[in-house]
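Note sheet for the following structure.
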Amino acid sequence: MTHDTNDAQVLRDALLRFMDAEIYPNETRYHDELNALPERFATVPLMEELKSKARAAGLWNLWLPRDHGGLSNADYAPLAEIMGRVLWSPEVFNCNAPDTGNMEVFLKYGTPAQQERWLTPLLEGEIRSSYAMTEPDVASSDATNVQTRIERDGDEYVVNGRKWFITNAAYERTKIFIVMGKSDPDNPNRHLQQSQVLVPNETPGVTVVRPLTTLGYDDAPLGHAEVLFDDVRVPAENILLGEGRGFEIAQGRLGPGRIHHCMRLIGSAQRALEFACERAVSRETFGRKLSEHQSVLEDLARSFAEIEQARLLTLKTAQRIDEVGAKDARDMIAAAKITVPLMAQTVIDRCMQIHGAGGLTADYPMAEAFNYARWCRQADGPDQVHMMALGRQLVKRYTA
């Protein structure tokens, strides 16, 4: 179910070897198989082949938290960075979002029955899952705004609402939605109005309306979809933790997940820089290699410095979470979430520029990685919300 060792250096070395032997040589094959699928959000055959190899290599569920027999956040960070170098590779190791966050929800908050039904097949990589919080009709950057209703009716809950940008929703392997909605909208404490409930994807009334794109990318086969819940009925035992605990679950889930995105983005930016350096010595303009132009060298140097700064911030944040927990590390989590996606976007943009028109194409990984960095500035809370929250903490801290 998990990896063979908790020695982070051993795992890092094994992961690097696996990337060299199985991931990088198969990047073209992966996209060829994806584009040949009869259904856009079906399973890529190569993925199942590589998952078997990853399990055999002991590189499985690397994300598993330390208190559940896995790694510390600080030890996991370099592994997530390596996986972030190829955007589809985390699923090979059962380390992809949103499934890792959803598995943490089941680990932390699920009943034994919920864990047996959903967590076990997720840990085995047999199914996928979605986390349904964001909505099209309200500003979901304030999670207390969600309008989806979760109402008790006898021994059932009835779910009504519309969600969007729900990662994995269109994927054929996705079997369970964790849905956040309001169960007590009149509660004077706005953080106790929400609940989270488990909705199997085949429940009557669940409709995947359409896949959505970000900057033109559909991120198939996982994707981000609009989903309608129309009088969806699930058993009362499908509630997570209890009524009114939805906001608490959301905060507990999103802290580590935000840092996982930052780790992967650093890998994307680092790989883009390496590609740009190779490009700079292979092309000439005005009688000199690109690497002999001062402006190119400055872009490379600045990018290296910014990646290093972001990496250190992310590692410090991961260590802080290990020491005091995500709630008490929320200042560092916010700082990383503000800094890293914007850094990756900026660095990758420079590297695309060094590649000329080719940098915009799918011939290189930069354009898709740029898209990933850009939507991460919205996912798990937009920049502005994290800046607002961090600013409030700092004012309180330094004026107390």
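Here, each number is a calculation from the coordinates, and none is a lab measurement. Keep in mind it's a predicted model, so treat the numbers as computed, not measured. Quick reminder, even Gly has a Cβ in these numbers, built from the backbone with ideal geometry, and neighbours come from all protein chains shown.
Could you give the angle, 0 to 90 degrees to the nearest 10, between helix 45-56's Cα long axis and the longest principal axis of the Cα atoms of the chain?
Long axis of 45-56 versus the principal axis of the chain: about 90 degrees.
In debye, nearest 20, what is the charge dipole magnitude of the chain about its Cα centre with +1 on Lys and Arg Cβ and -1 on Asp and Glu Cβ, if you could check?
Dipole magnitude for the chain comes out near 1000 debye.
How would the range 8-110 be classified by its alpha-carbon gyration tensor: rounded, prolate or oblate, with rounded meaning a/c under 1.5 and the a/b versus b/c comparison settling the rest?
oblate
Which net charge results for the neighbourhood of E104, defined as the other residues with beta-carbon distances under 13 angstrom from its beta-carbon, given Lys and Arg at +1 and Asp and Glu at -1?
Working: positive: R66, K108, R253, R258; negative: D67, D99.
Within the 13 Å Cβ shell, the charges total +2.
If each of D231 and T399 carries a label point 7 Å out from its Cα toward its Cβ, how far apart are those two points in nm?
5.3 nm
Would you mind counting up the charge near Y398? Only other residues with Cβ under 12 Å from its Cβ, with Lys and Arg at +1 and Asp and Glu at -1. Can you show the working numbers first?
Details: positive: R392, K396, R397; negative: D331.
Spelling it out: positives minus negatives among the neighbours equals +2.
Obtain the nm distance between the two label points defined at E48 and R392 by a simple spin-label model: each point lies 7 Å from its Cα along the Cα-to-C-beta direction.
The two pseudo-label positions are separated by 4.8 nm.
So how tilted is helix 246-282 from the main axis of the chain? Cα-based, degrees 0 to 90, rounded to 10.
It works out to around 10 degrees.
At a 10 angstrom cut-off on C-beta neighbours, averaged per residue, how do the peptides 346-352, 377-383, 233-239, 390-396 rank from highest to lowest?
346-352, 377-383, 233-239, 390-396
Taking a label point 7 Å from the Cα of R40 along the Cα→Cβ vector, which residues of the range 200-219 have an amide N closer than 20 Å to it?
Under cut-off, by backbone N: 207-219.
I need two numbers for the chain: Rg to one decimal and Dmax as a whole number, Cα atoms only, in Å.
Answer for the chain, Rg first and Dmax second: 21.4, 79 Å.
Want the number for T5 to A113: 0.36 nm per residue separation, take away the alpha-carbon distance, what's left?
36.0 nm
Pairing the Cα long axis of helix 8-18 with the longest principal axis of the chain, what angle in degrees results, from 0 to 90 and rounded to the nearest 10?
That helix lies at roughly 70 degrees to the long axis.
A 27 angstrom limit on the alpha carbon distance is what I want to check against. Which of K108/K337; K182/K316; K51/K108; K53/K175; K108/K316 exceed it?
Values: K108/K337 23 Å; K182/K316 36 Å; K51/K108 25 Å; K53/K175 24 Å; K108/K316 24 Å.
Long pairs (Cα-Cα over 27 Å): K182/K316.
Magnitude of the Cβ-charge dipole of the range 247-399, K/R +1 and D/E -1, about the Cα centre, nearest 20 debye?
Dipole of the range 247-399, to the nearest 20 debye: 440 debye.
Convert 37 °C to kelvin, take the viscosity as 0.692 mPa s, use the Kirkwood radius over C-alpha pairs of the range 288-400 as Rh, and evaluate the Stokes-Einstein diffusion coefficient in µm²/s, rounded to a whole number.
In µm²/s, the coefficient rounds to 207.
Whose amide H sits under 5 Å from the amide H of T174, counting only residues 5 or more places off or on another chain, with H placed in the peptide plane?
Counting only residues 5 or more places away or on other chains, the set is R128.
What does DSSP give for the chain in terms of the percent of beta bridges that are antiparallel, rounded to the nearest 5?
Of all bridge pairs located within the chain, approximately 80 percent are antiparallel.
If you take the charge dipole of the chain about its Cα centre, with +1 on Lys and Arg Cβ and -1 on Asp and Glu Cβ, which of T28, Q193, F177 is farthest toward its positive end?
Q193
What is the sum of charges, Lys and Arg at +1 and Asp and Glu at -1, for the other residues whose Cβ falls under 15 Å from the Cβ of E284? The partial results should precede the final answer.
Working: positive: R279, R283, R288, K289; negative: E278, E292.
Value of the local net charge: +2.
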